[in-house]
């Protein structure tokens with residue numbers, strides 16, 4: 001059974017809550033919009049939020065599934081004290097629950113179970129120590145409901161009656177034991193720049209500076225075992241204007257000669273005006289381990305260089321999967337440098353040629369719900385000798401309100417894989433569910449190889 005994992009404020013106001021079944025949630029809120037839960041994307045977003053928080057303090061860490069840590073020791077006075085720092089963060093993250101405490105475990109407890117202004121750890125429920133539900137039930141049977149109920153007990157009694165885990169959590173919350181938090185390293189800044197007392201005017205001068213910067217940047221990327229998937233060259237003119245040159249690459253690269261050639265080719269787009277005094281290169285980084293010296297490497301490198309040259313001159317695109325049941329909407333155009341995403345394997349065979357727009361056909365069938373025995377397509381008749389189906393494909397229900405009127409492209413479809421007496425293998429479908437008061441509409445959508 002599919003269940004609701006997380007809700008936003010609007011859904012919560014309509015009565016939807018986490019852990020409801022999707023059917024119950026849709027009954028409570030008929031126009032509910034849902035998206036599949038992706039834990040990996042959630043974790044990546046949490047890491048990005050923790051890195052963003054390094055503008056406040058260099059020590060930040062993700063606390064899955066929904067929190068981040070900030071060690072503000074020695075940083076609060078830069079933001080007007082602890083109250084000023086919290087006010088700034090709440091202005092940037094409205095609705096987030098925040099707390100400041102002497103230990104990480106206590107801050108975690110106050111943020112999730114405390115009330116605004118509360119500073120008494122012992123008044124919080126036992127769940128604020130992060131123990132599981134089974135441990136909470138066992139402690140309730142012993143009469144221990146709040147953290148303060150643990151204070152009168154000796155360490156031996158806590159160990160015997162509650163276990164070593166809750167004792168360790170209690171010690172960390174009170175500061176008796178260290179809290180181990182794995183802080184995220186700050187992202188490496190590989191930006192390089194040159195400042196010139198005498199402004200650069202000619203293409204030769206700009207090209208020489210770009211060559212030096214590109215060589216320096218690629219040397220640093222080699223040490224870091226990283227490559228760049230995009231590069232922005234910024235030219236700061238003496239009249240305070242900024243000229244920008246952007247490059248995209250088909251894959252991570254740190255080939256100084258190749259990148260320098262692309263930059264030189266793009267110099268005709270740059271107007272130096274009265275002179276350029278600062279040149280700055282900002283790469284978009286990606287992991288790139290040392291390449292292996294095999295016989296395929298030169299060919300692969302030549303292909304990548306050719307793609308990069310084309311990218312510098314035109315906007316190249318490729319197809320990537322899109323979340324849609326409707327076949328003609330199941331792919332989208334993305335930049336060729338976008339991260340690769342594999343297409344899901346279809347449950348049933350799909351045609352080698354898929355029409356962008358299904359073509360209408362006329363059919364003859366023994367019964368309305370049967371596959372056709374003959375079709376008329378492009379003024380030519382075809383006799384059907386084999387048919388496999390139906391495969392029912394419905395509309396993308398999560399994109400539409402339940403009472404929205406169906407268009408031709410969004411109604412229920414019954415697909416058939418047919419073979420004609422001439423040897424053609426076609427993918428056809430009937431639109432909508434059969435009804436006696438209307439005739440069915442048939443379309444051909446693709447041709448099998």
For this session: Examine the stretch 81-92 for a residue that is out of contact with any helix residue (DSSP H, G or I) (no Cβ under 6 Å at 6 or more places or on another chain) and part of a loop (DSSP other than H, G, I, E, B), and state whether such a residue exists.
Result: no
Seminar exercise, completed: Going through (1) modelled with pLDDT of 85 or more; (2) outside any strand (DSSP E or B); (3) loosely packed, with under 13 Cβ neighbours inside 10 Å one by one, residue 403 fails only at (1)
For this session: Output the residues belonging to the stretch 100-124 that are in a loop (DSSP other than H, G, I, E, B) and either farther than 15 Å from residue 181 by Cα or free of Cβ contacts under 8 Å to residues at least 24 places away in the same chain (or both).
Result: 100, 101, 114, 115, 116, 117, 118, 119, 120, 124
For this session: Output the residue which, of all residues in the stretch 334-348 that are at pLDDT 70 or above and exposed (fewer than 10 other Cβ atoms within 10 Å of the Cβ), is farthest from the chain's Cα centre (by Cα).
Result: 347
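Listed here are the residues, each with its yes/no results for (1) without any contact (Cβ under 8 Å) to a residue 60 or more places away in the chain; (2) touching a helix residue (DSSP H, G or I) at 6+ places or on another chain (Cβ under 9 Å); (3) not in a loop (DSSP other than H, G, I, E, B).
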site	(1), (2), (3)
158	yes, yes, yes
161	yes, yes, yes
168	yes, no, yes
176	yes, yes, no
182	no, no, no
Exercise. Looking at (1) farther than 23 Å from residue 175 by Cβ; (2) assigned to a helix (DSSP H, G or I); (3) free of Cβ contacts under 8 Å to residues at least 12 places away in the same chain, which is the one condition that is false for residue 47?
Worked result: (3)
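To keep it simple, each residue is scored yes or no on (1) closer than 22 Å to residue 221 by Cα; (2) surrounded by fewer than 18 Cβ atoms within 10 Å (Cβ to Cβ); (3) free of Cβ contacts under 8 Å to residues at least 12 places away in the same chain; (4) in contact with a strand residue (DSSP E or B) (Cβ under 7 Å, 6 or more places away or on another chain).
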{"position": "241", "(1), (2), (3), (4)": "no, yes, no, no"}
{"position": "247", "(1), (2), (3), (4)": "yes, no, no, yes"}
{"position": "254", "(1), (2), (3), (4)": "yes, no, no, yes"}
{"position": "264", "(1), (2), (3), (4)": "yes, yes, no, no"}
{"position": "269", "(1), (2), (3), (4)": "no, yes, no, yes"}
{"position": "273", "(1), (2), (3), (4)": "no, yes, no, yes"}
{"position": "276", "(1), (2), (3), (4)": "no, no, no, yes"}
{"position": "280", "(1), (2), (3), (4)": "yes, yes, no, yes"}
{"position": "286", "(1), (2), (3), (4)": "yes, yes, no, yes"}
For this session: Output the number of residues of the stretch 137-153 satisfying the condition of being under 44 Å from the mean Cα position of the chain (by Cα) and assigned to a loop (DSSP other than H, G, I, E, B).
Result: 2
Seminar exercise, completed: Here the qualifying pairs (Cβ atoms under 6 Å; residues six or more apart or on different chains; first in the stretch 352-365 and farther than 15 Å from residue 416 by Cβ; second loosely packed, with under 12 Cβ neighbours inside 10 Å) come out as 352/449
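The values are calculated or read from the model by the stated rules, or taken from the named source; none is laboratory data. Here the structure is a predicted model, which is why all the values come from computation and not from measurement. Every residue, glycine as well, gets a Cβ built from its backbone with ideal geometry; the counts of neighbours run over all protein chains shown.
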